[in-house]
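**Q** Below is a structure I'd like to ask you about.
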Amino acid sequence: MSIHFGIEGGKNRVYTLAMAKRRKKSAKVKVGKKDPLKAAAEFGIDISALRDNLKLSYAERIRRHQIALNTIEKLRKAKQV
């Protein structure tokens, strides 16, 4: 099984399972014993907002995103006037 990433610099890049296994062996990542949610909250990420957003359906999340995007576009146009 392989994953094609398209053409970059004239070469067709392919990521195979063998490459993934090799990467896992060579990667040395320090994993702390700290709870990742607690670490994210200490970093300033609003976990409750993420949880509330994930309770919404895909369609509702896309709709809200589109409303925010439209608002930004209106603000950009107002600034240019």
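**Q** Applying 1/(1 + (r/R0)^6) with R0 = 30 Å to the Cβ-Cβ distance of LYS74 and GLU42, what FRET efficiency is obtained, to the nearest 0.05?
**A** Details: r = 36 Å, r/R0 = 1.18.
Once the sixth-power term is evaluated, E becomes 0.25.
**Q** Determine the gain in length on full extension of the stretch ALA49-ARG63; use 0.36 nm per residue of separation and subtract their C-alpha separation, reporting nm with one decimal. Write out the running numbers ahead of the final one.
**A** Values: separation 14, 0.36 × 14 = 5.04 nm, distance 1.67 nm.
Between ALA49 and ARG63, full extension yields 3.4 nm more.
Just so you know, all these numbers are worked out from the coordinates, no wet-lab data involved. Predicted, not measured: the structure shown is a model, and the values here were computed from it. Every residue, glycine as well, gets a Cβ built from its backbone with ideal geometry; the counts of neighbours run over all protein chains shown.
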